[in-house]
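The values are calculated or read from the model by the stated rules, or taken from the named source; none is laboratory data. Since the model is a prediction, treat every value here as computed from it, not as a measurement. Here Cβ is always computed from backbone atoms with ideal geometry, including for glycine, and neighbour counts include all displayed protein chains.
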Amino acid sequence: MPANQTPIAGRVIGQPPGRSLDLVVIHCSATASGKSLQQGVPGAAGYLNAAGVIDAWHAARGFRRQPADVRAFNSATPSIGYHYVIDLDGKVLTGRALSEIGAHASGFNAHSIGICLIGGVERDAKYTAAQWVSLRELIADLHEGLSIPLAPPKRIPTALGERMFGGVCGHRDVSPDKNGNGLAESSEWLKTCPGFEVRAWLARNMQPLPDQIYQAAE
């Protein structure tokens with residue numbers, strides 16, 4: 001594991017070797033809000049936490065980490081495309097090391113970090129209060145450690161397609177900007193993930209709206 005990274009979220013200081021990171025892309029697992037992905041019982045044979053389940057999904061899609069990277073960091077998840085997974089209880093699970101290119105946002109993976117919130121299948125997603133707190137803290141840590149702006153990324157056209165850099169966005173925000181106004185609007189989205197407007201969330205000091213907080217039925 002690179003010396004400037006930690007095995008848990010937070011306190012990441014400095015750019016990882018071989019990568020220049022300037023973009024964070026927030027995703028969802030596209031499962032029902034508040035529904036656990038955990039399989040089995042912790043400590044028992046066959047148990048998979050949320051990151052382990054997503055790793056199995058990504059393996060089925062043909063995703064593969066480099067063997068040397070698997071040996072160095074999180075050998076139990078050899079396929080996962082995300083760098084972080086935020087579970088319902090707010091626990092932040094690591095996937096790929098920050099020094100590894102992810103497999104989460106085609107065309108933007110080389111310089112980005114992928115974060116996946118469990119849940120979010122609904123067009124207007126709800127996440128637990130603990131997930132919102134952990135997302136805010138993780139983004140703040142990445143801002144402090146890697147100087148990634150707490151703002152929507154800049155978007156510019158290039159000869160090889162659009163480039164987005166210098167900020168935080170949702171997966172739907174990397175959809176093609178067909179009308180050239182600098183934003184991926186709802187009519188242009190390729191998917192609704194992560195189910196909330198990251199731009200507005202950032203403007204509220206990374207605070208969710210009341211109706212974006214999942215409450216279990218009593």
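A few points about this structure:
- Of note, Ala9 does not satisfy the criterion of being at pLDDT 95 or above and closer than 24 Å to Cys193 by Cα.
- If the condition is being outside any loop (DSSP other than H, G, I, E, B) and within 17 Å of Val24 (Cβ to Cβ), then segment 175-218 contributes Val198, Arg199, Ala200, Trp201, Leu202, Ala203.
- Tally, over segment 72-104, of residues that are among the aromatic types (Phe, Trp, Tyr) and closer than 13 Å to Ile118 by Cβ: 2
- Test: residue in segment 129-144 that is part of a loop (DSSP other than H, G, I, E, B), within 25 Å of Ile54 (Cβ to Cβ) and of a type outside the set (Phe, Trp, Tyr): no
- In segment 39-98, the qualifying residues are those that are aromatic (Phe, Trp, Tyr) and under 13 Å from Ser29 (Cα atoms), and the one that is surrounded by the fewest Cβ atoms within 10 Å (Cβ to Cβ) is Trp57.
- Scanning segment 159-215 for residues that are touching a Phe, Trp or Tyr at 6+ places or on another chain (Cβ under 9 Å), at pLDDT below 90 and of a type in the set (Lys, Arg) turns up just one, Arg163.
- Scanning segment 151-174 for residues that are outside any loop (DSSP other than H, G, I, E, B) and surrounded by fewer than 15 Cβ atoms within 10 Å (Cβ to Cβ) yields Lys154, Ile156, Pro157, Thr158, Gly161.
- Taken together, the residues in segment 99-129 that are more than 25 Å from Ala68 (Cβ to Cβ) and crowded, with 16+ Cβ neighbours inside 10 Å amount to 8.
- For segment 175-218, the candidate set comprises residues that are hydrophobic (A, V, I, L, M, F, W, C) and in contact with a Ser or Thr (Cβ under 6 Å, 6 or more places away or on another chain); within that set, the residue that is surrounded by the most Cβ atoms within 10 Å (Cβ to Cβ) is Ala184.
- Candidates Asp69, Asp87, filtered to the one that is among the acidic types (Asp, Glu) and out of contact with any strand residue (DSSP E or B) (no Cβ under 7 Å at 6 or more places or on another chain): Asp69
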